[in-house]
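So the structure is just underneath, and the comments pick up after that.
The values are calculated or read from the model by the stated rules, or taken from the named source; none is laboratory data. Fair warning: this is a prediction, and the values are worked out from it, not measured in the lab. Neighbour counts run over all protein chains shown; Cβ positions are idealised from the backbone, glycine included. The area values use the complete protein model at the heavy-atom level, side chains included, leaving out ligands, DNA and RNA. Shrake-Rupley method; radii C 1.70, N 1.55, O 1.52, S 1.80 Å.
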Amino acid sequence: MPFAESLWGNLVQDLPLLVPVLFLWIVGTLMLWPLGSWLLKSMPKRQWSGITFVVLLVTLVLVFRTPAGQGFSGMFQVDGLTTGFQILAIVAAAITVILSQPQLNALKEQSVEYYALILFSTSGMMLLVGATDLVSLYMALELMALCIYILVGYLREQDRGIEAGIKYFLLGAFSSGLLVYGMSLIFAAAGGKTTNLAALNQALALAPRNAELMIFTGVILVLAGFGFKVAAVPFHMWSPDVYDGAPTPITAFLSTAPKAAALGAFVRLFGTAFNGVHGDWAAPLSFMAAASMILGNIAALRQQSMKRLLAYSSIAHVGYMLLAVLSHDAQAGAQAIWLYMLTYLLMQGGVFAVIIYLQGKGEGERIEDFRGLSKRRPMLAFAMLVFMLSLGGIPPMLGFFAKFYLFKLAIEQGFVTLTVLAFLTSAISAYYYLNVVATMYFKEAPEGEAQPMGSGLSIVVFATCLLVLVGTCLGPWLMDWTARIVLV
Amino acid sequence: MVPMNQVLLVSFLLFSIGVAGVLIRRNALIILMCVELMLNAANLNLIAFARHSGTVAGQAFALLVMGLAAAEVAIGLALVVALYRKKDTVQVDGINLLKG
């Protein structure tokens, strides 16, 4: 059986690349199987999130130990970009898992499946950022998204939960339809011979002139599909509703991990396969970036709900990050996005920890609820102040350095108009972030006090606050250093 | 052999019907079916061009798309059932709590 032998040989050779992903699959499956769920059910429910957290930490170690290389007939590649964005996905999942514990306890909705789905979704993201083939890219994207559809609709006893789940699912399915039709057009235009990204780039360069329309349509459809995944204007309409209706820890997850993974794949796909047809997608993508910055920031101005405010502001942040996708230098673009996403992840995790801390039982997420927080809980208010200033990109906070890096790259690449627009809109964003700060420090506290929810959260709040503050002091050096160790 | 232009035309028609259905129809189940049409339009392209060039990459892709479509439908139907239990309707116009 020479065929089986060569198959086995290739598998043994390539498997080391997938060790972290396989580890997540095995643990996730064990959690769902009778034995694993029996073991888990014999211990207190509140420990499940701790176990999941440890699993994610082990995965993080495995990611650092994975050798660089390419395998599975050019389907999957481990390089700096893969490792870097895998780390982002795991850190985001770990923050989500810690945030989930108190919230799900309060709602009495702890279940093994919830944590297993987070693990499976994370494994999808880890595959997505390393995918170097249309087939593996689509498969990983669906693995990531399918798990998140369920997580968004997880509180199915609440009207808002199921509504958010249905909305996210229908638009997500529609967008993956656009994406895969776009991919099929690209595949057809390239002669129907290959789905490998690097080979596609060469094949598209040789495509006959009458295939130009097909390539253009395909690229635009793929762009739209990715636009849905990262919630860029004009494909953003699901995001505020879904952020609002999903369980708060899942909102935190949704606003960081899938965006990081999708942006990583975005850079790889457009930097490799569509590099030769840069002219086809540069203008639409610039439009998407500009529209996201403007609309995201302006719509955030009039929000009363904290989760919706964060939804619109995250649309704006994606707009800034799309500037780096536009760059002709995929490596530098990936680096800028990685740094931005890392700081965004920390700030966002901290803000959501504060929100969950304040939520009594699924309520209390309006900006008004932050009135007088500086008197009631001074430390918490200070942490929120740090996160808000940092999200607004006000120097010398960590968020400022990330933005500085990104805008510097955009100017070097010659996108001066877009960068000026980004500066102006981020000045608008300072208004609504500072509005929250003003509410905390200068408005009187309401009657009655929200019920505090647990000590795990305060650890998250203070750890991220500390990280952001340390980053503030050592900002520029730290940025250079982290970028160098990860994205070589 | 069927000319490739006609394959592209048919798949484009299928895709357009799917997109139009998603945008026009308000029944969650019909929207799901229209998404399936969009995926199958893509499958048609993939298979036809793989056959045209005599390689198998596209056919493997089409098989994978079918499998993922089935998984997607399973989750979608579960969500629709949950919606129906809660609201007694599968019309997406009926869900409008989240706004702003």
Next item on the list: Could you work out how far helix A:19-32 tilts from the main Cα principal axis of chain A, as a 0 to 90 degree angle to the nearest 10?
Entry: 60
Next item on the list: Between the alpha-carbon centers of the stretch B:1-22 and the stretch A:158-226, tell me the distance in whole angstrom.
Entry: 15
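Is the C-alpha gyration tensor of the stretch A:228-270 telling us rounded, prolate or oblate? Criteria: a/c under 1.5 is rounded; beyond that, a/b larger than b/c is prolate, otherwise oblate. Present the calculation step by step, with values, prior to reporting the outcome.
Values: a/c = 4.55, a/b = 1.55, b/c = 2.95.
Note, shape of the stretch A:228-270 comes out oblate.
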Item checked: Heavy-atom accessible area ranking, 1.4 Å probe, most first, across A:Met388, B:Met33 -> B:Met33, A:Met388
Next item on the list: Can you grab the distance from the C-alpha centre of the stretch A:281-302 to the C-alpha centre of the stretch A:1-80, Å, no decimals?
Entry: 38
Margin query: As a test of the formula, what do you get for chain A when each DSSP H run with n ≥ 4 contributes -39,500 (n - 2.57) and the sum is divided by the residue count, at 222 nm and rounded to the nearest 500 deg cm²/dmol?
Written below: -26000 deg cm²/dmol
Next item on the list: Would you mind working out the accessible area per residue for the stretch A:12-486, using a 1.4 Å probe, and quoting it in Å²?
Entry: 34
Notebook entry, point to check: Hey, got the average number of other protein chain Cβ atoms within 10 angstrom for residues in B:45-51?
Noted result: 6
Next item on the list: Relative to the longest principal axis of the C-alpha atoms of chain A, give the angle of the C-alpha long axis of helix A:134-152, reported between 0 and 90° and rounded to the nearest 10°.
Entry: 20
Check: Roughly how crowded by other chains is peptide B:27-34, in terms of the mean Cβ count from those chains within 10 Å of each of its Cβ atoms?
Finding: 2
Check: What figure in square angstrom, to the nearest 10, would you give for the accessible area of A:Trp338 with a 1.4 Å probe?
Finding: 10
Notebook entry, point to check: Using θ = phi - 60° and the Karplus form 6.51 cos²θ - 1.76 cosθ + 1.60, what ³J(HN,Hα) does each residue of the stretch B:33-39 get, whole Hz, x for Gly and Pro?
Noted result: 4, 5, 4, 4, 4, 4, 5
Next item on the list: Would you kindly derive the ³J(HN,Hα) couplings of the stretch A:233-243 from the backbone phi angles with the Karplus curve 6.51 cos²θ - 1.76 cosθ + 1.60 (θ = phi - 60°), listing them in order in whole Hz, with x for Gly and Pro?
Entry: 4, x, 10, 9, 4, 6, 5, x, 5, 5, 4
Next item on the list: Work out from phi, with θ = phi - 60° and the Karplus expression 6.51 cos²θ - 1.76 cosθ + 1.60, the ³J(HN,Hα) of each residue of the stretch B:71-78, listed in order in whole Hz, and give x for Gly and Pro.
Entry: 4, 5, 5, 4, 5, x, 5, 4
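For peptide A:187-197, what's the mean number of Cβ atoms from other chains within 10 Å of each residue's Cβ? Walk me through the numbers before you get to the answer.
Numbers: counts 9, 13, 2, 2, 4, 14, 8, 4, 7, 1, 0.
Per residue, the number of nearby Cβ atoms from other chains is 6 on average.
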Next item on the list: Working from Cα positions, state the angle (0 to 90°, nearest 10) between the long axis of helix A:306-326 and the longest principal axis of chain A.
Entry: 30
Checklist line | Under 5 Å, built H, 5+ apart or other chain: amide partners of A:Thr132 | finding: A:Phe76, A:Gln77
Item checked: Coordinate range along principal axes, alpha carbons of the protein assembly as shown, Å, largest first -> 78, 54, 50
Check: In nm, what is the difference between 0.36 nm times the number of residues separating A:Ala4 and A:Glu212 and their Cα-Cα distance?
Finding: 70.7 nm
Next item on the list: Could you tell me the distance between the Cα centroids of the stretch A:396-447 and the stretch A:248-279, to the nearest Å?
Entry: 22
